[in-house]
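The values are calculated or read from the model by the stated rules, or taken from the named source; none is laboratory data. These figures come from a predicted structure and were not determined experimentally. Here Cβ is always computed from backbone atoms with ideal geometry, including for glycine, and neighbour counts include all displayed protein chains. Just the protein is used for accessible areas: all its heavy atoms, side chains included, with ligands, DNA and RNA removed. Shrake-Rupley method; radii C 1.70, N 1.55, O 1.52, S 1.80 Å.
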Amino acid sequence: TFEFPALIESMKQGSSWDNGELNSIVLVRNPDRKVMLTAMHKGTEIVSFQSGDPVTIQVVEGRLEFQNNNESMTLSENKILTISDGMRFRLTSLKESVFLITISKGPYCLSNFMAPALGLAEDYSFRK
């Protein structure tokens, strides 16, 4: 089990958070999926370039804006968004935000998402 309040508090301490960087903790990592808790400052963006795997995002705190070629939507606390495999998108924090991201590998799961900043893949970039 995970206690989000304690995890979030620890994520928001330290020099990387103080320097405006996003911060993530890997909660589950196995061949079928990765589950990460991620905290972002207001105005931070995650820009996908390509992913072959579906992604699910659940906002724990704050608000995120999701954009792709066809639509834009605001995700608030306790909202869940599923992103199809291969879909390009942009995720922007409208205020300080914390969210769970689950990446499935293969047709039924989750895979490489959070990229160079997290040392997991090169499919995504982060901008502030």
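Below is a table of values for the structure above.
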item	result
Scan of the range 60-87 for residues that are under 17 Å from residue 105 (Cα atoms) and not aliphatic (A, V, I, L, M), ordered by number	82, 84, 85, 86
Residue pairs meeting the criteria (Cβ under 9 Å; at least 6 apart or on separate chains; first within 21 Å of residue 60 (Cα to Cα) and open to solvent by 60 Å² or more (accessible area, probe 1.4 Å), in the range 83-96; second in a strand (DSSP E or B) and aromatic (Phe, Trp, Tyr))	90/66
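Residues checked against (1) surrounded by fewer than 12 Cβ atoms within 10 Å (Cβ to Cβ); (2) among the charged types (D, E, K, R); (3) at pLDDT below 90:
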residue: 8; (1), (2), (3): no, no, no
residue: 16; (1), (2), (3): no, no, yes
residue: 26; (1), (2), (3): no, no, no
residue: 34; (1), (2), (3): no, yes, yes
residue: 42; (1), (2), (3): no, yes, no
residue: 48; (1), (2), (3): no, no, yes
residue: 64; (1), (2), (3): no, no, no
residue: 68; (1), (2), (3): no, no, yes
